[in-house]
Amino acid sequence: MDISKITSKEQAVGFLNQFDNFLFDCDGVIWSGNTLLPKTIEILTYLKMELHKNLIFVSNNSTKSREEYLKKFRKLGINFINKNEIFNSSFASAIYIEKILNVNKETDKVFVIGMRGIEGELREAGIKYIGGEDIRLDDKFSVEESEYFQNLDPSVKVVLAGLDLNINYHRLAIGLQYLLRPEVFFVSTNIDSTFPNGKFKLPGAGTMIKALETCSNRKSISCGKPNLNMMKSIIKEHNIDISRSVMVGDRLNTDIKFGKLGGLSTLLVLSGICSEEDVFSKDNDVVPNYYINKLGDLYELIHE
Ligand SMILES: O=C(O)[C@H](O)[C@H](O)COP(=O)(O)O
Ligand SMILES: [Mg+2]
């Protein structure tokens, strides 16, 4: 198992010198919930402003659109990022529905189980949708009283499901009605089972997706990491040299797998979901090239 833990200044300098392009996962790497992880601003500023590296942010979190992510970065004091340097699973899903499923934007609709991040990216792509954060879906479910159940929409051609902090039986029941139609596509934003928030692990999008897959007996197409469609969009948009690029993430089965499948080097941080035990577990077959306690250590080791 050829893997190195970065624990010294020499290793940190040697690591940074190998790459021009840094693809960063967000939850568990840059922040945990709405709190920046230690020395994040310092290392990102050092990479961008002093070493003139390309920084690209690749999140499976679909609860925000890229616009909303930009606002989150700026609110947290990170002001040197442009919208085209942010890729997330709600954007990847909207591109997939628009460009690959090629839905008719005049007539077709998407039923959304998820939040405003998905709604925002579908709107930006000009794709009609129902569901999402519609408060009528927050009502206690009753077949007779549900406006959604009593008015199932024949123009729904896709069910798109992602992390939904408002998930409930009502949303799952409506999603199932549409998934029982074989002509309706089943798309999901990502498969993450959990995501970090401070010292807690919270249910991730994979929780909602598995519930829908169970009741519908169907498998979704997942658009987020490790699906390489997002990698293709990133390489095309930024014309990056893969051999000079590294993917930095906290989850082995999404971030590190995404980087390895894409031919990038990979750095796992232990500040999010995965631990050192996970890396060396006999059940793990996704081995990062490097690992480190947290991203900010790269700054601290070099400026100690
Ligand atoms: O769906 C989820 O579980 C979370 O949104 C996802 O895990 C966090 O995304 P990340 O920024 O870590 O890719
Ligand atoms: Mg993460």
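The values are calculated or read from the model by the stated rules, or taken from the named source; none is laboratory data. Just so it is clear, the structure is predicted and the values come from calculations on it, not from any experiment. Cβ coordinates were reconstructed from backbone atoms using ideal geometry, including for glycine residues, and neighbour counts include every protein chain displayed. We work out accessible area using only protein heavy atoms, side chains counted, and drop any ligands, DNA or RNA first. Shrake-Rupley method; radii C 1.70, N 1.55, O 1.52, S 1.80 Å.
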Problem - Test: residue in segment 235-250 that is polar (S, T, N, Q), within 16 Å of ligand 1 (Cβ to nearest atom) and at pLDDT 95 or above - result: no
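To keep it simple, each residue is scored yes or no on (1) open to solvent by less than 20 Å² (accessible area, probe 1.4 Å); (2) among the hydrophobic types (A, V, I, L, M, F, W, C).
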{"site": "V187", "(1), (2)": "yes, yes"}
{"site": "I191", "(1), (2)": "no, yes"}
{"site": "S220", "(1), (2)": "no, no"}
{"site": "I242", "(1), (2)": "no, yes"}
{"site": "N253", "(1), (2)": "no, no"}
{"site": "E277", "(1), (2)": "no, no"}
{"site": "N289", "(1), (2)": "no, no"}
Exercise for the section: Check segment 207-218 and report whether any residue there is outside the structural domain of H52 (by TED's automatic domain parsing), within 15 Å of ligand 2 (Cβ to nearest atom) and either over 17 Å from the mean Cα position of the chain (by Cα) or touching a residue at least 60 places away in the same chain (Cβ under 8 Å) (or both). Expected result: no
Problem - Single residue of segment 251-271 satisfying the filter (in contact with a Phe, Trp or Tyr (Cβ under 8 Å, 6 or more places away or on another chain) and in contact (Cβ under 8 Å) with a residue 60 or more places away in the chain) that is farthest from ligand 1 (Cβ to nearest atom) - result: S265
Handout entry: So F111, is it crowded, with 22+ Cβ neighbours inside 10 Å and either part of a loop (DSSP other than H, G, I, E, B) or not assigned by TED's automatic domain parsing to the domain that holds G14 (or both)
Key = yes
Practice task
Within segment 92-103, track down each residue that is open to solvent by less than 40 Å² (accessible area, probe 1.4 Å) and not in a loop (DSSP other than H, G, I, E, B).
Solution key: A92, S93, A94, Y96, I97
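Yes or no, residue by residue, for (1) outside any strand (DSSP E or B); (2) touching a residue at least 40 places away in the same chain (Cβ under 8 Å); (3) within 16 Å of ligand 1 (Cβ to nearest atom); (4) surrounded by fewer than 16 Cβ atoms within 10 Å (Cβ to Cβ):
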{"residue": "L23", "(1), (2), (3), (4)": "no, yes, yes, no"}
{"residue": "I43", "(1), (2), (3), (4)": "yes, yes, no, no"}
{"residue": "Y46", "(1), (2), (3), (4)": "yes, yes, no, no"}
{"residue": "N61", "(1), (2), (3), (4)": "yes, yes, yes, no"}
{"residue": "K64", "(1), (2), (3), (4)": "yes, yes, yes, no"}
{"residue": "K105", "(1), (2), (3), (4)": "yes, no, no, yes"}
{"residue": "I118", "(1), (2), (3), (4)": "yes, yes, yes, no"}
{"residue": "G126", "(1), (2), (3), (4)": "yes, no, no, yes"}
{"residue": "Y129", "(1), (2), (3), (4)": "no, no, no, no"}
Completion exercise
Going through segment 168-183 in order, the residues found to be crowded, with 18+ Cβ neighbours inside 10 Å and either basic (K, R) or assigned to a loop (DSSP other than H, G, I, E, B) (or both) are R171
Handout entry: Which listed residue, of F73, F19, is outside any loop (DSSP other than H, G, I, E, B), open to solvent by less than 10 Å² (accessible area, probe 1.4 Å) and not assigned by TED's automatic domain parsing to the domain that holds I127
Key = F73
Handout entry: Selection within segment 131-152 - part of a loop (DSSP other than H, G, I, E, B) and exposed (fewer than 15 other Cβ atoms within 10 Å of the Cβ)
Key = D139, K140, S142, V143, E144, E145, N151, L152
Handout entry: Residues being more than 17 Å from the chain's Cα centre (by Cα), assigned to a loop (DSSP other than H, G, I, E, B), crowded, with 17+ Cβ neighbours inside 10 Å and not aliphatic (A, V, I, L, M) - total across segment 26-41
Key = 1
